[in-house]
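Student: My questions will all concern the structure given below.
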Amino acid sequence: MRAITERDLRSCFVNCSKGDAKRLNLPKDFTQAPWDDLDFLGWRDHKAPDRAFLVAETGDRLTGIALRFASAPGKARGFNSTSLCSFCQTVHTGGGVALMSARRSGDAGKRGDSVGQYLCADLACSLYVRGKKQTLLGDAHNDGVPLEEKVARIRANLDTFVASVLA
């Protein structure tokens, strides 16, 4: 992903008001984000634990999506259970995967329509597939798929999700 500015970030959201986008809390490490290792920028709001945000490059533009956790992150599952992220297929224990919903853009969103996905609770999918971050399971669930295929899988799943929010 290319490096983006705060102005670019705040102006690209498709499913919240301009005022909401202006007030959203940026990731704490926004200026030091590992852009070369990101397929999308995703973060949880450190002041509102039920909110998260995702910014992706779609075609030649940025698309920002405001997300909500369907339930309290980390509370829904026990440590012995495992869950799979819909974007990157990373297996997590406990609350490492959370159901997140996004209000659709436009009239559909105004009517209350939304879409949901089970995603890495910290939205660090890109870092998991590149081995820059590990789950509590370590490499135990490495699926042996080459990195290029994993990145293509994230992009395809991300593009599908963004298209469903925009539809």
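The values are calculated or read from the model by the stated rules, or taken from the named source; none is laboratory data. It should be emphasised that the depicted structure is a prediction, and the values quoted were computed from it without experimental measurement. For neighbour counting, all protein chains shown are included, and Cβ atoms are generated from backbone atoms with ideal geometry for every residue, glycine included.
Student: Could you go through region 135-143 and let me know if any residue there is modelled with pLDDT under 85 and at positive phi.
Tutor: yes
Student: List the helices (runs of 4 or more DSSP H) inside region 100-167, counting only whole elements, that have at least 1 residues being of a type outside the set (Asp, Glu) and free of Cβ contacts under 8 Å to residues at least 12 places away in the same chain.
Tutor: Of the helices (runs of 4 or more DSSP H) lying wholly inside region 100-167, those with at least 1 residues that are of a type outside the set (Asp, Glu) and free of Cβ contacts under 8 Å to residues at least 12 places away in the same chain span 106-110, 147-166.
Student: Related question: Taking the conditions exactly as written (touching a strand residue (DSSP E or B) at 6+ places or on another chain (Cβ under 9 Å) and either closer than 20 Å to Phe161 by Cα or at pLDDT 90 or above (or both)), does Phe69 satisfy them or not?
Tutor: yes
Student: Still on this model: Scanning for something among the β-branched types (Val, Ile, Thr), modelled with pLDDT under 95 and outside any loop (DSSP other than H, G, I, E, B), does region 18-34 turn up at least one residue?
Tutor: There is at least one residue in region 18-34 that is among the β-branched types (Val, Ile, Thr), modelled with pLDDT under 95 and outside any loop (DSSP other than H, G, I, E, B).
Student: Failed condition for Ala56, given (1) more than 26 Å from Val145 (Cα to Cα); (2) touching a residue at least 60 places away in the same chain (Cβ under 8 Å), with all others met?
Tutor: Only one criterion in (1) more than 26 Å from Val145 (Cα to Cα); (2) touching a residue at least 60 places away in the same chain (Cβ under 8 Å) is unmet by Ala56, namely (1).
Student: With the requirement that a residue be at pLDDT 90 or above and charged (D, E, K, R), what does region 108-129 give you?
Tutor: Passing the criteria: Arg111, Asp113, Asp122.
Student: Among (1) modelled with pLDDT of 90 or more; (2) assigned to a strand (DSSP E or B), which single condition is Ser86 missing?
Tutor: (2)
Student: Still on this model: Please find, among Thr93, Thr31, the residue that is farther than 22 Å from Ile154 by Cβ and either out of contact with any helix residue (DSSP H, G or I) (no Cβ under 8 Å at 6 or more places or on another chain) or without any contact (Cβ under 8 Å) to a residue 12 or more places away in the chain (or both).
Tutor: One residue alone meets the criteria, Thr31.
Student: All but one of (1) of a type outside the set (Lys, Arg); (2) free of Cβ contacts under 8 Å to residues at least 12 places away in the same chain; (3) at negative phi hold for Phe87, so report the exception by its number.
Tutor: Of the numbered conditions (1) of a type outside the set (Lys, Arg); (2) free of Cβ contacts under 8 Å to residues at least 12 places away in the same chain; (3) at negative phi, the odd one out for Phe87 is (2).
Student: Does region 123-132 contain any residue that is of a type in the set (Lys, Arg) and within 24 Å of Ser17 (Cβ to Cβ)?
Tutor: no
Student: In addition: How many residues, within region 110-167, are more than 25 Å from Ala66 (Cα to Cα) and β-branched (Val, Ile, Thr)?
Tutor: Within region 110-167, residues that are more than 25 Å from Ala66 (Cα to Cα) and β-branched (Val, Ile, Thr) number 1.
Student: Taking region 31-50 only, how many residues are farther than 17 Å from Thr5 by Cβ and buried (at least 19 other Cβ atoms within 10 Å of the Cβ)?
Tutor: 3
Student: Contact list please: Cβ distance under 7 Å, first residue in region 2-24 and aliphatic (A, V, I, L, M), second residue in a helix (DSSP H, G or I), pairs at least six apart or on different chains.
Tutor: From region 2-24, the pairs are Ala3/Trp35; Val14/Val165; Val14/Leu166; Ala21/Arg10.
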